[in-house]
1. I'd like the Kirkwood hydrodynamic radius of the range 703-791, using the inverse of the mean 1/r over distinct C-alpha pairs, in Å.
2. Per residue, how much accessible surface does the range 448-555 expose to a 1.4 Å probe? Answer in Å², no decimals.
3. Can you give the calculated 222 nm mean residue ellipticity of the chain, where each DSSP H run of n ≥ 4 adds -39,500 (n - 2.57) and the sum is split over every residue, rounded to the nearest 500 deg cm²/dmol?
4. Show me the GluC sites (Glu not before Pro) within the range 386-471 that DSSP assigns to loop and that have at most 14 other Cβ atoms within 10 Å of their Cβ.
5. Over all directions, average the projected area of the Cα convex hull of the range 427-519 and note it in nm².
6. Beyond 19 Å, what share of the Cα-Cα pairs of the range 610-707 is found? Please give it as a whole percent.
7. Express the relative contact order of the chain as a whole percentage, based on alpha carbon pairs under 8 Å and six or more residues apart in sequence.
8. Which percent of Cα pairs goes in each bin when the distances of the range 174-276 are cut into 10 angstrom slices starting at zero?
Amino acid sequence: MTARTGSALPTRQRPGVEAPVSGGLFQSVQRPDGTLKVTGDFAYSSDLWIDGMLWAVTVRSPHPRARIRSIGIGEALATPGIAAVLTHEDVPGRRTYGLEIHDQPVLAYPDVRYRGEPVALVAADHPETARRAAERVAVDYEVLEPVTDAEAAMDEQAPPVHPEGNLLRHVRIRHGDPDAAADVVVAGEYEVGMQDQAFLGPESGLAVPDGEGGVDLYVATQWLHVDRDQIAASLGLEPERVRLTLAGVGGAFGAREDLSMQIHACLLALHTGRPVKMLYSRQESFVGHVHRHPARLRYEHGATRDGRLVFVRARIVLDGGAYASSSTAVCSNAACFAPGPYDVPSASIDCYVVYTNNPPCGAMRGFGAVQTCFAYESQMDRLAAELGIDPVELRRRNAMRTGSSLPTGQRVDGPVPVAELLGRVAAMPLPPQDGHREDLRDLPGGVGNVTHGEGVRRGVGYAVGYKNVAYSEGFDDASNARVRISVTAGEPLVEVHTAAVEVGQGLVTIQAQIARTELGVERVVVLPADTQVGTAGSSSASRQTWMTGGAVRAACQAVRASLLDLAAKRLDRDPDTLALTPSGVTTRPPRGPGSLPDDLPGADVSGGALIGLAELLGDEAVEETRTYRHRKTFPLDPETGQGAAHVAFAFAAHRAVVDVDTELGLVKVVEIATAQDVGRALNPQAVEGQIEGGIAQGLGLALMEEIQLVDGEIRNPSFTDYLIPTVLDMPPVRLDLLELGHPDSPYGVRGVGEPPTISSTPAIVAAVRAATGRRLTRIPLRPDDIAGLTR
């Protein structure tokens, strides 16, 4: 493929199609990108290159709250090799953007609201030249006292981060008897630190002007069409003049839903008339994307003496940082799932998300359900101890079931296997008590050789969690797919084209598997995702296999129907008497018990093919485009929080086994056992990979991952100081997949990627509590929390 300037992007960077793989649904099909990634040959967005391109750098505020008096660019412009220096004055269209609220400036002026906020842009013929010139941009700031505490930001006397005030959203849920009394009440306050998505590929992209006032952007993102619309508005262009193509994504986990360098690179490309590449450093990446919301949570659980929940009351405060991002939706999720997957007769939930002068927070795997799960599962353990009931039994006694209602009044349809999941993890064998302790890697502290077993105690903990799948509260959730079948080199070829973003979850593979299964054609390629096809929504909310899988399935079924119509005309037959098989079109057998309702290729057929696909199509092609939507959802009532806000739910349970050095406060996770209802495992190995990866992020939040903020400044913006789990930290995972099948989804699938992160964290913390006897109300745990003097 060539860029519109006429300069070719290297073939390695812009493959025309994804490499084909073999196999249909319900098989562990090899991923087309797998070998490339493990050998280092996969092209990520940071690898993009085009002759004559400029390098861009962002000038960022060193203050979390300030007012800009002036910006001087003369000295920077005079630097040899500089092509452009841009400020807010150079934004030709809308000067603000945002996923839900357009409150974030493309380039800040006059107010700076967080440390690291973009203020100016520099483009040069060499990245080092651009960096030197960026240092010469003279910004005169009036430094102001920042608002960095979320609770303090809610005070009426707090300085407003935005003119409208600091409260971004308050979700209020009232369910049942507000004055319900219980035999036993436990209360607790909990805190969750700020977690980073910590993807390995930093923000990057390449903007190429088309010479006619439009621009092409090759970028790693999660949602091509929403990016395009925001970019076009700020460039003052019609959306069709801004074309986005997905470049290789080095991880996402929610942080690429928001814009980072997209508008900036396009502004510079149009201003200079030359291609512009932007590539963040690791330190810059920490301020270049949103993070998981820090939270403070106050809970009360009331129960009868025999362990039946009577009420749950919760007050949740989320720190949204400087701009809205997706905070209003995260707030809704946190409120909806605040009591956990339990039948609760009465609930009173207040969830607030507020603006502060901290870095913006937004989407991250689990999306509001992670913070509340840590709190409500901690509460369930406290309640079990108070009642003298086994923690698993208490959870099973109160577990949701099919037909249960959320505190929002929504009825939960389909399989709700909360009790079964708990029973399955509890029944799994425990690892041997002594393990292989002669190996230092099996001890807390690992190869640091800090202990030989003295002071080490073992603990076991359980947790269960759940979350919605797909978009909620009335959002028009849709995905589009275009499927084309033709004959090349004498053989049928199926092309699948969607805007669905592959972020590492295996979506390209699933699309090809669906096409093979529905059409029976082995040669399937998935075209690169871009904005030349209808939107597929974001690769988030555990939705793409359900939504884009549904769209690809519908388009394939339409192609199949068109092929049968074409064959019927050629053969002078009724299309209802024909069926499509891998060998071609043949006679459909009489319908009977057990026949495949959709006549998928592979169904029993009568006799050989009446006509092969190559002969049927000849030089023609059949192409169909379809849109898939899930059933409608509805906004929550602003006064009571009642409403059918969600389309479906996903459930998982975890058991953690840990060894804790109670003297040094070090933790070794010995094993994680998990059971999860995945609906149907379309690619079993990919499902297992998603679950193990989610557990790794849950472990990170439990024990090590936290952005350290001091007066709005990130003090650990590197993978030296921001710790993430390595292969030495990850334990063996004992996995049990349930395939109960959701009644409303294509093939019965559920979302898979988020539940592993949600309840793995509280299970690990519960196990550390069991080993130490300490309450442990804040995550991530620190050594002094475990080995400190206070309990």
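1. 16.5 Å
2. Details: 2830 Å² over 108 residues.
Counting only protein heavy atoms, the per-residue value for the range 448-555 is 26 Å².
3. Working: 17 runs with 188 residues, N = 791.
Value at 222 nm, helices only, nearest 500: -7000 deg cm²/dmol.
4. Working: sites: Glu386, Glu393, Glu420, Glu438, Glu454; in loops: Glu438, Glu454.
Those satisfying the criteria are Glu438, Glu454.
5. So the mean shadow area of the Cα hull is 13.6 nm².
6. 71 percent
7. Relative contact order for the chain comes out at 15 percent.
8. Each 10 Å bin holds this share of Cα pairs: 14, 36, 18, 10, 10, 9, 4, 0.
The values are calculated or read from the model by the stated rules, or taken from the named source; none is laboratory data. Remember, predicted model here, so these are calculated numbers, not experimental data. Backbone-built Cβ (ideal geometry, glycine too); neighbour counts: all protein chains shown. Protein only, heavy atoms only, side chains kept; ligands, DNA and RNA dropped before computing areas. Shrake-Rupley method; radii C 1.70, N 1.55, O 1.52, S 1.80 Å.
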